[in-house]
Amino acid sequence: MTSENLGAQARPERSGLSTIVSLPDMPSPSQTSDSAIHALILDQLDEDQAQDVVSIPLEGKSSIADYMVIASGRSTRQVAAMAAKLAERLKKEGHGTPRIEGLPAADWVLIDAGDVVVHLFRPEVRSFYNLERMWGFGDEAAAAGGRA
């Protein structure tokens with residue numbers, strides 16, 4: 001086997017008592033975990049009837065997370081319920097307990113699920129802060145709507 005072929009083969013490495021096999025063409029566990037958490041979050045928000053769900057990929061833009069998900073609830077009660085159910089499901093599915101900020105008032109709840117950050121808003125609060133535009137995601141929609 002030549003050194004050129006070695007790059008396409010699995011390379012076993014010894015680490016203590018176990019053998020670690022690195023597959024170059026496979027996504028890393030953190031990438032699959034990130035996309036699994038992202039998919040779980042989007043699924044849960046859909047199940048909870050969140051409104052105007054926007055997912056912004058942050059990879060390469062920021063080191064705080066790989067995705068930012070922004071959604072609205074119709075009331076503070078719905079925003080609080082969505083946040084609680086999302087945190088419960090993340091924990092139940094083995095992704096750890098996310099950090100939650102803003103739950104008592106529930107106008108804007110931030111859920112830090114590791115490489116996915118979720119912002120849940122009441123519609124009035126969401127339009128005031130306009131995170132989509134700040135992250136360069138809603139520029140086309142704002143221009144089409146006539147807002148500067």
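Quick look at the numbers
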| quantity | calculated |
| --- | --- |
| Inter-label distance, nm, simple model (7 Å from Cα along the C-beta direction), residue 91/residue 77 | 2.3 |
| The stretch 29-144: antiparallel DSSP beta bridges as a percent of all, rounded to 5 | 70 |
| Rounded to whole Hz, the Karplus (6.51, -1.76, 1.60) HN-Hα couplings of the stretch 88-100, x for glycine and proline | 5, 5, 4, 5, 4, 8, x, 9, x, 8, x, 7, 10 |
| Gain on full stretching of the segment that runs from residue 134 to residue 101 - 0.36 nm per residue minus C-alpha separation | 9.9 nm |
| The stretch 69-137: projected area of the alpha-carbon convex hull, averaged over directions, in nm² | 4.5 |
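Here, each number is a calculation from the coordinates, and none is a lab measurement. All values derive from a computational prediction rather than experimental measurement. Note that we place each Cβ from the backbone using ideal geometry, even for glycine, and neighbour counts take in every protein chain shown.
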